[in-house]
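So the structure is just underneath, and the comments pick up after that.
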Amino acid sequence: IYADPAKRLELYFRPKDPYCHPVCANRFPTSTMLLRVRRSTKRKQQLDAEEQIQPEAQFEMEILGIVTTVYKFQGMSDFQYLAMHSGPDGKQTSMYDKVLMLKPEKEEFFNRDLPLYIPPPIFSRLDTPVDYFYRPDIQHRSNLIGLSRARRPHNAIFVNFDDEEIPTKPLDAAVQNWKKVCTNPVDKKVEEELRKLFEVRPVWSRNAVKANISVHPDKLKVLLPYLAYYMLTGPWRSLWVRFGYDPRKHPEAKIYQVLDFRIRCGMKYGYAATDMPVKAKRSTYNYSLPITVKKQGSHTVSVHDLKQGLGSAGASGAKKPPSSRYKLKESIYIFREGALPPYRQMFYQLCDLNVESLQKIIHRNDGSESECTERDGWCLAKTSDDLRDSMSLMIKQIIRSTRPALFSNTTSSEDGKEQLAYESGEDEDDEEEEEEEFKPSDGSENEMETEILDYV
């Protein structure tokens with residue numbers, strides 16, 4: 001543990017009990033001394049029987065070395081699980097001798113009829129108390145994760161698909177926030193550029209904006225709520241919509257709908273996750289457990305910081321020119337034939353699928369749109385599934401051309417198309433409900449959950 005600064009020191013109160021959960025100590029730097037103190041006594045010679053003898057005590061101190069690291073147990077103990085069985089009379093009986101295999105056992109040991117004991121490996125990811133910042137307005141709580149984070153004063157307006165009205169102007173606080181940080185001509189220019197983008201196209205993803213405008217991410221968090229509102233649910237979820245524009249009333253807005261696309265991998269598709277030339281945005285290896293040190297929080301950016309050079313003009317020593325320092329690549333929001341997506345999960349707008357065959361699927365019902373539904377928007381039913389199937393086949397062909405050895409024993413392309421059938425919607429929802437703390441890959445903030453947390 002000492003050799004790895006990312007680990008915490010564990011203390012087991014019952015070391016031989018596999019059901020015992022440890023308490024963890026945090027590592028701290030220190031500069032203290034380790035002393036060895038010896039106390040030696042020497043009795044005086046007794047001259048009188050009634051005289052009490054006071055022994056002489058001498059202390060010797062020796063500095064053994066310098067202590068540079070200490071471990072302090074500051075967290076609470078996790079829940080403890082005991083393998084106990086409650087009898088009919090309520091008496092608790094220990095089951096350790098029946099469920100723990102301490103030596104090689106015969107078949108009879110495994111065939112005994114016993115209560116099932118499968119305790120979770122961990123009951124809580126946190127061992128320190130946290131404030132949840134409960135709020136009276138819980139209308140959108142089911143859509144948010146990470147509610148232990150303090151609210152950030154960015155004042156974005158969230159809209160659900162079933163909300164009757166859409167906002168026509170920003171909150172007063174959002175206007176004031178932008179005026180506070182918009183203090184130089186570069187910021188004014190960025191504001192005008194974003195206004196023009198929303199005039200040309202009323203619905204944008206944040207990544208698409210960042211690929212078209214060079215603006216510091218922290219300033220963009222303040223600017224977007226000033227010009228647009230955020231859709232939480234429906235076919236335009238996770239997108240920013242220009243104030244006053246309601247995509248539910250305009251059939252031509254179907255080209256701005258979002259497609260949640262995930263590269264399928266697994267042995268049934270011909271390649272495993274480890275064979276993928278595309279990295280994942282999140283990894284189970286980064287999952288934060290109490291036995292690991294929590295990552296240091298990023299520097300909190302204040303209004304003063306935003307005024308002092310976090311705009312597009314930024315630091316003078318940067319390598320990139322101011323016009324493109326914060327811009328993302330087009331591949332972060334545009335899908336092209338023959339190119340792999342930068343990440344295994346992407347949120348594309350339909351107009352950014354630059355493939356003729358995909359656009360034909362999208363525009364199958366042009367002129368005959370009758371109803372806007374929460375699942376398919378203005379498109380025909382199952383349009384998203386058809387798009388995912390076609391995109392998955394394209395990606396499979398790319399991987400096949402770059403790594404033909406992976407497909408040496410696979411079946412025909414028709415069989416492959418059948419295998420690539422899209423999983424059920426329930427599976428998709430389950431994937432989105434992963435653990436709350438994760439760090440997107442560099443340059444990727446194309447996660448709905450991440451973006452919502454920036455404004456809550």
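Below is a table of values for the structure above.
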{"quantity": "Selection from segment 67-92 of residues that are more than 30 Å from LEU35 (Cα to Cα), surrounded by 12 or more Cβ atoms within 10 Å (Cβ to Cβ) and not acidic (Asp, Glu)", "calculated": "MET76, SER77, GLN80, TYR81, LEU82, ALA83, MET84, HIS85"}
{"quantity": "Hey, PRO55 at pLDDT below 90 and closer than 30 Å to ASP113 by Cβ or not", "calculated": "no"}
{"quantity": "Verdict on ASP137 being under 30 Å from LYS221 (Cβ atoms), at pLDDT below 80 and assigned to a loop (DSSP other than H, G, I, E, B)", "calculated": "yes"}
{"quantity": "Residue satisfying condition, being surrounded by 13 or more Cβ atoms within 10 Å (Cβ to Cβ) and either at pLDDT 85 or above or of a type in the set (D, E, K, R) (or both), within set LEU126, LEU197, LEU144, LEU100", "calculated": "LEU197"}
{"quantity": "Members of segment 224-246 that are buried (at least 20 other Cβ atoms within 10 Å of the Cβ) and either farther than 15 Å from PHE158 by Cα or among the hydroxyl-bearing types (Ser, Thr, Tyr) (or both)", "calculated": "TYR226, TYR229, TYR230, SER238"}
{"quantity": "Residues that are under 30 Å from VAL99 (Cα atoms), of a type outside the set (A, V, I, L, M, F, W, C) and part of a strand (DSSP E or B), drawn from segment 1-45", "calculated": "GLU10"}
{"quantity": "Condition broken by PHE79, with the remaining ones in (1) part of a loop (DSSP other than H, G, I, E, B); (2) farther than 30 Å from THR128 by Cα satisfied", "calculated": "(2)"}
{"quantity": "Residues of segment 350-378 satisfying the condition of being under 19 Å from ARG264 (Cα atoms) and not in a helix (DSSP H, G or I)", "calculated": "LEU353"}
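Here's the yes/no breakdown for (1) open to solvent by less than 40 Å² (accessible area, probe 1.4 Å); (2) modelled with pLDDT under 60:
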{"position": "GLN308", "(1), (2)": "no, yes"}
{"position": "LYS329", "(1), (2)": "no, no"}
{"position": "GLN359", "(1), (2)": "no, no"}
{"position": "ARG364", "(1), (2)": "no, no"}
{"position": "GLY377", "(1), (2)": "yes, no"}
{"position": "ARG388", "(1), (2)": "yes, no"}
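The values are calculated or read from the model by the stated rules, or taken from the named source; none is laboratory data. Model, not experiment: these values are computed from the prediction. Quick reminder, even Gly has a Cβ in these numbers, built from the backbone with ideal geometry, and neighbours come from all protein chains shown. Heads up: the accessible areas ignore ligands, DNA and RNA and are worked out on the full protein's heavy atoms, side chains in. Shrake-Rupley method; radii C 1.70, N 1.55, O 1.52, S 1.80 Å.
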